[in-house]
């Protein structure tokens, strides 16, 4: 398929906006967290997040949860530059670190819960019932289908929300946890299907993860647009 | 010789000086060109903003009208830079291309080769007419009896049926700002706006000071809204109220010539007022280049570096007047005096020791979302007493402090997540403090130009609305010199300048106070 000049321009635009986002405000520290996460993923052997077919059917699979958490640490921080900058600048200085931690806790809680459902649920189903060779294409198909839906775009739009936050007392804690959970919810809605792909792939896991991450970042940098059925993986 | 852009109210003959008569003829010529032509009136309008359904409803896009090629639309359309440090340079290049296009049309019609776009200086307090809408734009016909192309139906004013601005609408406090680049962190948003990539609306948006006032306020007050129009329906709004249609009103270009002129005035009023030296501003934005068509068929790709000098070949103009509205006053010295320093003492302090650090810090907030439904809305701010005390302490004048450095905090009132569907709304913002005898003080006006788009969850702002930051340093200084030690219980009142209805869904998510200083 020939790549048109306009596609190249659009890709170039995305990359440059991405660079802008990663180099301003909360961008650099979050990028550092993400890089540390990536190193750990590689160091721990590519983050084999889904247990093999005959692994014990435990409700809480600690190694799998750990691998999932590492994957989140590696992939998600660059998506949160606006949200973290918002929490930081709109909180009292003496509470800034605490508020960012609470935001992260709310956000992480939603993603860990979603991860438990995805990894021990959907991904395990895919791996259990599909022959090994079909698991990856099936996950890609699910991701493509979800990408096409209006719900996906609605979630992606909501990822941009930066609500007013209370500054004092319990209300401040409540608001920022709620903001973290809301951002986590939109983020799960937007990215769950894309995260499924690296979850079911054991070989070249890190490469697939990086590719998914790059796509998610580009998508997050693009302008919001009306929720509608769309051709997946295409901006216009 | 650069051409001279003249004040519309200082032209020799009113209402129809030759400058305006030729402008009308040139505009008429452009209006007769088709949308697919890059030098047409509508093509220039779409460079600023375009919306198929609103343009169709307004009659600027008729069914069967061919659109320009996809490549042309991608390169030229929907470029207007708002809530961005590119606001001023982008509009300058845009105006230059438009002016050259109109001039070529005027020359073709036998008009003067040195024609230049006039500007409307509504803030000129020495001119009794300044606040009145230039009558050539509302006359039904030209002196020859032909229909007047400068008159548009969709110009509804402030709801009273006429367009007369008030001095409070067009205050020039923006020119007191000392930095071009600001930030979204709660302190100053800068004279020229905040650092952004290409910004045809973005999620964490704040207006630069000049952009907020007078720019936005004048847009909203000219465009206005039909008195009984449905607030939800874009068709109820005037062209100038909405970025997607603003440049279709011929007054747009005179308004923006004035904003562009104020940039020159700001640079001239103090040697420390300078444009950013950052290459991201000078040569950006990197993610999409600014491009405007010229009437010779060329495309001018430009960045801020190409427009900082108005006498450069592509621009080649000067303004009739770039007088400082503050008469050359040294605002830093005035501030020191206001805080009780002996006159003349600030002469000892070098310019570097005067600059306030740009880091901003929250002092306090209100605790509720404000809904503005038509009546005055009042809220109280609760302060973090430590931070407030620290701020007030920096305003304390100690004689020894003048030996090397005097950089008292600046204080800003933020209206966060301002949202709604009424682009024509304007609010006046007042502050008061119960301990001070002084009456409440107006600290600025907020125009809702572009707020509808900022409120839509599927547009560039992601539905967050806009955050406005108003400099209230002078007022806090007055509190301090009146002996007030704390900032507790500051009251903020939002007073509608235009009719506002509950269906406008206007709200302010949080009102907050920030300090800016080291």
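Values quoted throughout were computed directly from the atomic coordinates according to the rules given, and no laboratory measurement underlies them. Predicted, not measured: the structure shown is a model, and the values here were computed from it. Glycine also receives a Cβ, built like all others from the backbone with ideal geometry; neighbour counts cover every protein chain displayed.
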- By DSSP, what percent of the beta bridges with both residues in the protein assembly as shown are antiparallel, rounded to the nearest 5? 85 percent
- Task: Using only alpha carbon pairs under 8 Å that are at least six residues apart, calculate the relative contact order of segment B:164-262 and give it in whole percent.
- Result: 20 percent
- Query: Which distance in Å, rounded to a whole number, links the C-alpha centroids of segment B:472-508 and segment B:149-186?
  - Reply: 19 Å
- Message: Quick check: the angle from helix B:18-31's long axis to the longest principal axis of chain B, C-alpha only, nearest 10 degrees?
- Response: 70 degrees
- A student applying the Cα gyration tensor rule (rounded when a/c is under 1.5; otherwise prolate if a/b is larger than b/c, oblate if not) would label chain A oblate
- Message: Quick check on the protein assembly as shown: take the gyration tensor over C-alpha atoms, sort the square-rooted eigenvalues as a ≥ b ≥ c, and tell me if it's rounded (a/c under 1.5), prolate or oblate.
- Response: oblate
- Task: Work out the mean other chain Cβ neighbour count within 10 Å for the residues of A:9-21 and drop it here as an integer.
- Result: 4
- Highest average packing first - B:250-259, B:265-274, Cβ atoms within 10 Å: B:250-259, B:265-274
- Note on the structure: Row for segment B:3-319, column shape: gyration tensor on C-alpha, a ≥ b ≥ c, rounded if a/c < 1.5 i.e. under 1.5, prolate if a/b over b/c, else oblate; value rounded
- Average beta carbon contacts from partner chains per residue of A:154-164, 10 Å cutoff: 6
- Item | Rel. contact order, % - alpha carbon contacts under 8 angstrom, at least six apart, chain B | 19 percent
- Using alpha carbons only, how many degrees (0 to 90, rounded to 10) separate the axis of helix B:385-394 from the longest principal axis of chain B? 80 degrees
- Item | Considering only segment B:3-319, percent of DSSP beta bridges that pair antiparallel, nearest 5 | 50 percent
- Message: Of the candidates A:190, A:199, A:85, which one comes out as most mobile in a Gaussian network treatment of chain A with C-alpha springs shorter than 10 Å?
- Response: A:85
- Note on the structure: Expected sort for B:23-29, B:152-158 on mean C-beta neighbours within 10 Å, highest first, is B:23-29, B:152-158
- Message: How shielded is B:66-74 by partner chains, expressed as the average number of their Cβ atoms within 10 Å of its Cβ atoms?
- Response: 1
- Item | For segment B:94-180: relative contact order, % (alpha-carbon pairs under 8 angstrom, 6 or more apart) | 21 percent
- Order these peptides, A:109-115, B:309-315, by their mean beta-carbon neighbour count within 10 angstrom, highest first. A:109-115, B:309-315
- Euclidean distance of C-alpha centroids, segment B:61-89 and segment B:297-315, integer Å: 18 Å
